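Written out below as structure tokens is the structure these notes cover.
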Amino acid sequence: MTAPDLPDVPALPDAPALPDLQRRLVEFAAARQWGPYHTPKNLAAALSVEAAELLEIFQWMTPEEADRVMADPETAHRVNDEVADVLAYLLQFSARLGVDPLAALSAKIDRNELRFPVGRPPGRTARATPAAADPASRADQVAAPASESTDRHSTE
């Protein structure tokens, strides 16, 4: 099985730098005295709402229609607006908490390259990292209550 063809990533020679956009967003909100409303919780909620609005565009499309979404100028405009909204709230959220989004993304890709090595069949639960092999070290694993059997196949 081969990987699907990946679209070319367009060069953005005239695109503003991410820190400049983040600074503009912070200044925009400050000039309007929105600081008290831009709490981490509120920004995370707004980010979620905007991501849902992006999803709504694709809600009833077939995969083939979704692949062609940018061919329709009106829909393409809506997609661009929602992508901008999602990115704007993510950048404001990151600025509020002092997260460098590019550094966080780079670190996450590094971890995923270790967790999901090339050639491993999709859907496998085994992890490539030694820490992930130890169930006690997984931060995302929920411990079963003491009254529950740890053997999920037990009939007792």
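The values are calculated or read from the model by the stated rules, or taken from the named source; none is laboratory data. No experiment lies behind these values; they were computed from the predicted model shown. Methodologically, a virtual Cβ is constructed for each residue, glycine included, from the backbone with ideal geometry; neighbour enumeration extends over all protein chains shown.
Please verify whether Gly119 is more than 21 Å from Phe58 (Cα to Cα) and either at pLDDT 95 or above or within 21 Å of the chain's Cα centre (by Cα) (or both), treating the condition exactly as stated. No: the conditions fail for Gly119. In region 17-31, the residues that are modelled with pLDDT of 95 or more reach residues that are not aliphatic (A, V, I, L, M) with C-beta atoms within less than 6 angstrom, at least six apart or across chains, in these pairs: Leu25/Gln92; Ala29/His38.
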